[in-house]
Every structure is written in structure tokens, then in C-alpha cells.
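Values quoted throughout were computed directly from the atomic coordinates according to the rules given, and no laboratory measurement underlies them. This one's a predicted model, so the numbers in the text were calculated from it and none came from an experiment. Neighbour counts run over all protein chains shown; Cβ positions are idealised from the backbone, glycine included.
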There are 2 protein chains.
Amino acid sequence: MKAIVLFSGGLDSTTCLAMALKEHGSKNVIALSLSYGQKHIKEQESARKIADYYGVELIEYDVKSVFNGSNCSLLEGNDKIPEGDYKSQIGVNNKPVSTYVPFRNGLFLSIATAMAISRGCKIIYYGIHKDDATGNAYPDCSHEFNAYMKKAINIGSGEQVDIIAPFVDKNKAEIVKVGLQLNVPYEMTWSCYNGGEKPCGKCGTCIDRLEAFRLNGKEDPLCKQ
Amino acid sequence: MKAIVLFSGGLDSTTCLAMALKEHGSKNVIALSLSYGQKHIKEQESARKIADYYGVELIEYDVKSVFNGSNCSLLEGNDKIPEGDYKSQIGVNNKPVSTYVPFRNGLFLSIATAMAISRGCKIIYYGIHKDDATGNAYPDCSHEFNAYMKKAINIGSGEQVDIIAPFVDKNKAEIVKVGLQLNVPYEMTWSCYNGGEKPCGKCGTCIDRLEAFRLNGKEDPLCKQ
């Protein structure tokens, strides 16, 4: 059975890719990397290296202009990315954080579904996880969003496609645990939102990542380099 | 309140646009026209003329390469579009018809949602209707698909966006009835899948359209020209 994996080159989606590869084999998996004007476009270099490492087909697709007009701080040209963990950034009205990219996962899943039917793939994997959904920080990472989107995709594709979110009820530490067992090359991944030479260690995703390795009794191999 | 209308330049979406304009006014409506490699790209000329007629902003966006590999007969370079009404084309296994474009409405709604949040729009209109969902011909036009997608979009956008499908439980004759009351310039619209100089009168959408006008005791103004 053929599968598409939403693949940013970050920690979660690389672990997701490793799971899909174990299940289906590299000849039956397509990795899909989307560029959307993100400041950390550097993650795409990681995506290319990791796809090469695993010998898997990589499709790159650009949707940058969809977000014209957005004030999302993750996008090039907009405000600075806030420092501190996600919890400190959640607004009083349960509003998404400033790095929430408008309906990103819904858009990416829809593109992947159209590509899946076009290319004879039956499954889409994506790496949303519980931490990102906390306090509605990223509403398109929630268990509820995933449940409705899964149904919409299954029905709207004429039952040709199903989506799998293996980490929807897991936190990042649990993802790292899975990835360590699968020997995921975490030193090749990129997470930091600021896309500098080294991870900033101060943005929400850096803090989350460092803590995830610490809870597994490991040092992040990316920070050792 | 600002709204985006999925707008192909065809009969259904032009009626939908007229409804949105009546509700919100032309300054608060954006029409979104997607090109995806359709044979009847001619419909985009109609979309431009009608947007101009109503004085409404038109965004054009291309997603053609998403469908690379698809054998959908509506797409350029693929098999001939079948003749006859949709009912005669429905397969034995309740499979989508050959002109079903992979998850088109899911993809278009997701693009519209990302654009809506980016541009401060709260509502998305789209013109799916009952005839297209009959026998699972177009599964992304069904009442059920719409219900799940509506929830996924509302939740995944952090309750910033809602979708409205005013014709989801109506047939094409009922849409024409609404449109005639709103003085929709149907002579400017384009529906025929073959995109020739004049409508072929033989494809599923031509047959459906002619019948819809007949049931309203009118002649299709496009065929009078």
C-alpha cells in the first residue's frame, strides 16, 4: 500500500516518516514538503537530506501566496517570533498563538489527499501531537480537528484515502521515544522557528524539543554538533 | 462581515456569488477562481467577466501540478469526457464518475480558509448541490462531506471561519430559480466541460443545466446567443 507523509524535516514529521517507512518500505512512500513563506525555510534543506538518507521520493510544493496578508509571526516579513514556551503564549481568549499559520494542516492534508488519489496512494501520515494543541495554541493540531478532517477526507475522496496521525494523543517526549527506537537521524532534522545557524533555544519549538530529549535521558544530537 | 466565494464562472458558483453580494456587498466579497488543468479553462474568462460585471475582487490561483498523475477525464491531456447525464455514468461500485477531480472541493475550501484567515474574512461560500452528490458521483459534493468539512474548518481555524453551502440540499433547477430572482447574468457563465466555442449539450453538466432552465420554464440564455 502506498502512502504520503507530510514532511517538514522537523522532529515530529521525520519520526512519522520513519514509522511509515517501517510499515510500507521506501518504494511505497512519498514525502511531501511544503514551503509557505516560513522563516525557517532552512528546514527544507533538512527535508532533502533526510529524504536522501532514507532513499525516499520527495515532492516539494509551494503555497506561499495563499498566506498573503497574514500577520502570522512564523512567516517571513512579519513580527518577531515570541520567546518562551507555548503555554506562556496562549492568549486569554483561548486564541491561537502568533506562530499559528492559517489552517496550515487542513491545507496540507487537502493537498496531500488530492496528490494521493492522483498517484494511487491510500494513506496520509502527519505528525501533529498533543503539546501543540494545548490551550488551542494550534487548533489544527487538535484531536477534534483530526477526527473531523479524517472523516471529511475519507468521505470526500470516495473512501479512497485515509489519514493517520500516530502522535495525536502523544507528547513530544513520547515521539522522541518512538524515534530513538527507530534510529531516526535527529541530528539531520531542524525544528527552530528562527532558522539561524544553530537552534535559538528560546522559541516555543526549541524549548519543547530540548525538554523532550531531556525526558528521555538524552541530549539533542542537533545541539551537540 | 467579509466573505470569500469559491467561484468558477459556472452557473452554481455565480448564483452563490450573487447571494453573497446581496448579503455582504461587493466591497466585502472576494471571488476565488482556481485553475487546476481543467479542459474547460474557458470558464475562467467567464469568471473574469462576471467579477468585473459585479465589481468584485477576483483572486486567481493555480494548483494544476497537485493533480500530476491523475487520470481524471476533466483534466487536460486525459481521456475524453463521457457523454450522457451523470446517472448513466455512475459505476456499479458507487465509485466517483470519471470527471471527479481528486478531492477538489476539500482542496479549494482549505485554500479559501487559509486565505480567509490571512485576509480577515469570516465566511466561505461554495456552490455544491444535490444533483452532483447523487450516487456518490462527486463525493466531495455530499451533505455528509460538507458537514464534516464545516466542522474541521471551524475547529482548525480556531473558530475564525465558517463555510456556507446554500445549495447542498437543492437541485440545479432550484439554484436557477434563486438566480433568476437575483437577475444573475447567466449569459456570461460557462458550464460545459468541453470548453468549446458553444456548449456541447451532451456532457453531464450541459444536460443538467438545460434541464434546470427547462424546469423553470426558461431557455438557457447562453444557448440563445
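Can you put A:Asp140, A:Asp132, B:Asp208 in order, fewest other beta carbons within 10 Å first?
Values: A:Asp140 28, A:Asp132 25, B:Asp208 20.
Exposure proxy ranking, most exposed first: B:Asp208, A:Asp132, A:Asp140.
Evaluate the distance, in nm, between pseudo-label points positioned 7 Å from the Cα of B:Glu144 and of B:Asn68 along their respective Cα→Cβ axes.
3.3 nm
Using a cut-off of under 14 Å, list every residue of the stretch A:204-225 whose amide N is near the label point 7 Å from the Cα of A:Tyr53 along the Cα-to-beta-carbon line.
Residues A:220-225 fall inside that zone.
Can you give the average number of partner chain beta-carbon atoms within 10 Å of each beta-carbon in peptide A:66-76, as a whole number?
Shielding by partners across A:66-76 averages 3.
Just want the ordering: B:Arg214, A:Arg104, from fewest to most Cβ atoms lying within 10 Å of their own Cβ.
Details: B:Arg214 13, A:Arg104 24.
Least crowded to most crowded, the residues run B:Arg214, A:Arg104.
For a quick check, take a GNM of chain A with Cα springs below 10 Å and name the residue from A:Ser13, A:Ser191, A:Ser157 with the largest mean-square fluctuation.
Among A:Ser13, A:Ser191, A:Ser157, the largest mean-square fluctuation in the Gaussian network model of chain A belongs to A:Ser157.
Can you return the lysines within cross-link range of B:Lys198? Criterion is Cα-Cα under 16 Å, with same-chain partners fewer than 8 residues away left out.
B:Lys39, B:Lys42, B:Lys224
For the stretch B:3-224, evaluate the Debye formula with one uniform point scatterer on each Cα (no solvent term) and list log10 I(q)/I(0) at q = 0.09, 0.14 Å⁻¹, rounded to two decimals.
-0.33, -0.84
Could you tell me how far the Cα centroid of the stretch A:118-174 sits from the Cα centroid of the stretch B:31-98, in Å?
Result: 28 Å between the Cα centres.
Using amide H atoms built 1.01 Å from N in the peptide plane, name the residues 5+ places from A:Ile163, or on other chains, whose amide H lies under 5 Å from its own.
A:Ile124
When chain A is modelled as a GNM with alpha-carbon springs shorter than 10 Å, which of A:Glu83, A:Glu159, A:Glu174 fluctuates the most?
A:Glu159
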